[in-house]
Each structure stands twice: as C-alpha cells, then as structure tokens.
Amino acid sequence: MDLSPEAIQKILSRYKFRDVAIEELQKVHQIHPAMKPVAGTYTFSDGTQKDLLKLIGNIPVKYEGRSYNLPILLWLMDSFPFTPPICLLRPTTNMVIREGKHVDARGRIYLPSLHNWDHPKSSVVGLLAEMISQFEEEPPLGTKSTGDNRDPNELLAFVSNLKINEGGVQHHDHLINKVTVIGGGDLGMASVMSILAKGKVDRLVFIDVAESSTKGGSMDLEIFNLPKVEVSKDLSASADSSVIVVTANAWSNEQSYVSVVQTNVDMYRGIIPGLVRLSPNAVLLIASQPVDIMTHVAWRQSGLPPSRVIGAGCNLDSERLCHVLDISLNTHKQAWVIGELSDNKVPVLSNILMGASYQHPEIAPRSKATKPLLDRAFEMLKGRGQRSWSVGLSIADISHSILVDQRKTHSVSTLAQGWGGIGAEVFLSLPCVLGVSGSTRLAGVSLGQEEDARLRESVTSLCALLSQLRI
C-alpha cells in the first residue's frame, strides 16, 4: 500500500498509534489491494472537521450466482486501529441504498464487529470479510428503477464519479419527535412524565429492560394507557428515536465499588450497540450511575461521535444555581456547574445575561468579584439532593432542547479531552450548546487555582476507575 504521498504522511504523523496503524494498513493491502488510502477531511455531526485517512475501494460480492463490485469507504479515526472505522457505502447516481439490518438510509454500515471492536482481535481484514458475508445474504445496493424491466436486484460496479458527501453522515429531518426511555423505577417514570409534560414529543417509548435492577412503572403505564406512550420490553420498539434516555442501573451484590460499576458496564454492552443500530441518528442521553463513567462507556460502546453521547451530569445543579443567582442574589447572568458529578464540581459564570439567546455564550474568566458571589450561591444549594423527580425534570429539559433544536447551553457530561488543557479521555460536565445534531462544547477558559485543582483531581480519579473496568 502506497503511503508515501506527502498529504498521507502529514495526516499519519498525527495518528496516536501511527506505527500500528501502518502495520494494519499493510495487512489490508495484502488481502484487498484494490483498497486505496486517500487523505480527506471528515465532517462530524456537530460541524467540526478533522483531517483523516480513508480507505476507498470496492469489495467482491456474489449474489444469485453473479459477481459484483460493491463500492465502500472507510474513515480511519486518529486512534485507529484501537477504534473502529466509520464505514459507508458509496452509491453512484444510478444506485439506490437498500436500508436493512446492517445499513441505514444514509449508507452507513453497522456490523457486530464494529460494535464489539477490540484490537488486535478486531481488524479491517476481518471487518471486510464479515461485510462480504453479510452483503452476500442481503445486498445493500440496487439499481434505480427505470421502467425497462431491469433486474431490481442488480448491483452496479464501482465508478469514479461518486455523489455521496465524503464528510459522511448527513441527518434526515425526523418525521416525528420520538423519545425512548430505557429503564424503569422512579427515575425512569419521572423522566417519562416530565418529558410528556414538556409537550414536544410525538411518541414516547418506555422499555423496562430485564437486566436492570431499577424496575417498576411499566404495568401502571399500561393500565392507565397514557396518550403518546408505548410500553415495551423489546429494544426494537426504540427504532427511529430522536433521543434515547438511559436510566437503567444493574446494581449487583458485589462488595467492591469497581465490581458494582462493572455490572452496569456489562448491561450497557448488551443494549447500547443495538439501540444505536436501531436509531443511528439519535442522541444518547445517559442518566445511569456513575453518570460520567457510564456516559464514557456508552460513547465507547456506541461508535457514535462524542457530540451525540451526553450525560445528564450537572444540568440540574446548573439550573438550580441560575435560579439562586437570579432570585436570591439578584444576579441575572447565566451560570453553570462543571466537572465531575461529585464534591469536586465547580461553578462558573457566563458572559451574557439569562435569556439572551441571540448572543453567543462564553464562560467568563474567574475574577475576585465573581468568586465570592458563586461561592455564596453554591453554599445556598448545599443539602439539595438529586431526587428522581428533580433529575427527571432535568432530563426533560435536556431532551426538549434537542428535540426543538433550541440551541440552549446546558452543563452536560461530554468528552472533556482538549478542554482547558485536559489531555485524558474522560467525560465531565461542561457547558454545551444542544440541538438536533447533539452537543457543541463551549471554549475552555482559565479557572482559578482551586477550581482547576478540583477538575484535575476528578480527571485522575475517573481515569483510575476506567482503567479497572472491562468496557
């Protein structure tokens, strides 16, 4: 495989595991010499872009005794091969995508090996072999009907003039605002009722998964037959959701904290990949505990960009902080609580007034004048716990911003890597603008020494726990 062009070498130099990535690419060339590396710019769903390598080519597929060349594209993330590629079909203008179990309407490919990716056990060579096998059973492309009695199952060979956006995923407008809540119990029920009360959901599916230890409520919802609500025990009922809220916890009787969290991780492994396959355009909203860890786990297991996987995090604390500042302390600026959902969380102030949606919000630098004010407001919030109904209201607030593309700024758990000098791959609550495409993080800002130390302590503790989990 020719990796000598300057553009390719420049991009490869930024890959975290450059040598391992090159070794993996050479293995692909040995089996599939038609797959060619190309430098390109990938556009994520939040509009951010990154220069990456992509493999372009076609794979041989046999169907009903005939051989076809199936055009595909694999985007290689900068942590390749330890993260799976984003796989897309590349239909020509004469081709039509056949949506099915392994392909969505946009041509993105979903296979078990992508959801369960674990290098070095997982490889691109193995992925392509699985792709060929699956597509020989269920061809993902056909010719557009022209009315001249052509075989509707015929696949067209690869051509160079492709009409697909190389940035990859483009979102279709949702016909309905559908939300799925995964997990019963008090929090699940509170989320259902609060989302319904907001009034912007057309259909709400409530799924009480068998693995969850937080059960209850599904029978009552069935008995009283609330409008817009469907109760199910089958994950397939979640298909085509705009937002998927996961409140389920699978607490065990294990003695150690790590073992208890691991039970949640194991439960997620059984549900997250399937949820994403059924609703590839959805935003995942995580409320399972510990929320920062479980949001990270959901992101890793989903294969989605971090903008589409968020946790409820410190949104409730942030809304309470704004209320105290506005009503009790006569300070009418937007404020947020950031960091880990623990004693290390930190209050920060915005540069704009509350309700000034026409302005672009930013975190105001910490000053001697703002610190006493925030400390006083934070002190007034002490003792206010996170009860199920209050967290349910917070979840509804976040969901509403996504469903109506409100572009409101919430403090939600998101990938914090690169924010404020954080180098580790951890999730913390940070101010993010939310809309139908997910979240967009606000820029980092210099914090005070005390506040910065709290965030660093959280990063260290989260990394320590993550290192002990089998994600």
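The values are calculated or read from the model by the stated rules, or taken from the named source; none is laboratory data. Computed from a prediction, not measured in an experiment: that's the story for all the values here. With ideal geometry, Cβ positions are generated from the backbone for all residues, glycine too; neighbour counts draw on all protein chains shown. Please note that ligands, DNA and RNA were not included when accessible areas were found on the heavy atoms of the full protein model with its side chains. Shrake-Rupley method; radii C 1.70, N 1.55, O 1.52, S 1.80 Å.
Below is a table of values for the structure above.
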quantity	calculated
Conditions (1) surrounded by fewer than 24 Cβ atoms within 10 Å (Cβ to Cβ); (2) farther than 24 Å from Val181 by Cβ; number of the one not met by Leu428	(1)
Tally of residues being exposed (fewer than 11 other Cβ atoms within 10 Å of the Cβ) and either modelled with pLDDT of 85 or more or in a loop (DSSP other than H, G, I, E, B) (or both) across segment 219-232	2
Condition met for Val258 (part of a helix (DSSP H, G or I) and either farther than 27 Å from Met77 by Cα or of a type in the set (Gly, Ala, Ser) (or both))	yes
Within segment 337-362, considering residues that are modelled with pLDDT under 70 and among the aliphatic types (A, V, I, L, M), the one surrounded by the most Cβ atoms within 10 Å (Cβ to Cβ)	Ile352
Selection count where residues are open to solvent by 90 Å² or more (accessible area, probe 1.4 Å) and free of Cβ contacts under 8 Å to residues at least 40 places away in the same chain, scope segment 451-466	1
Residues (in a helix (DSSP H, G or I) and exposed (fewer than 14 other Cβ atoms within 10 Å of the Cβ)) located in segment 100-124	Pro112
Conditions (1) open to solvent by 20 Å² or more (accessible area, probe 1.4 Å); (2) touching a residue at least 12 places away in the same chain (Cβ under 8 Å); (3) at positive phi; number of the one not met by Gly65	(2)
Pairs where the first residue, in segment 1-21, is touching a residue at least 12 places away in the same chain (Cβ under 8 Å) and the second is open to solvent by 80 Å² or more (accessible area, probe 1.4 Å), C-beta under 6 Å, 6+ apart	Leu12/Arg18
Residue match in segment 50-61 (condition: out of contact with any strand residue (DSSP E or B) (no Cβ under 7 Å at 6 or more places or on another chain) and touching a residue at least 40 places away in the same chain (Cβ under 8 Å))	no
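The rows are residues; the columns are (1) farther than 16 Å from Ser413 by Cα; (2) open to solvent by 10 Å² or more (accessible area, probe 1.4 Å); (3) of a type in the set (Ser, Thr, Tyr); (4) under 13 Å from the mean Cα position of the chain (by Cα).
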position	(1), (2), (3), (4)
Val276	yes, no, no, yes
Val283	no, no, no, yes
Pro290	no, yes, no, no
Ile293	no, no, no, no
Gly303	yes, yes, no, yes
Arg308	no, no, no, yes
Cys314	no, no, no, no
His323	yes, yes, no, no
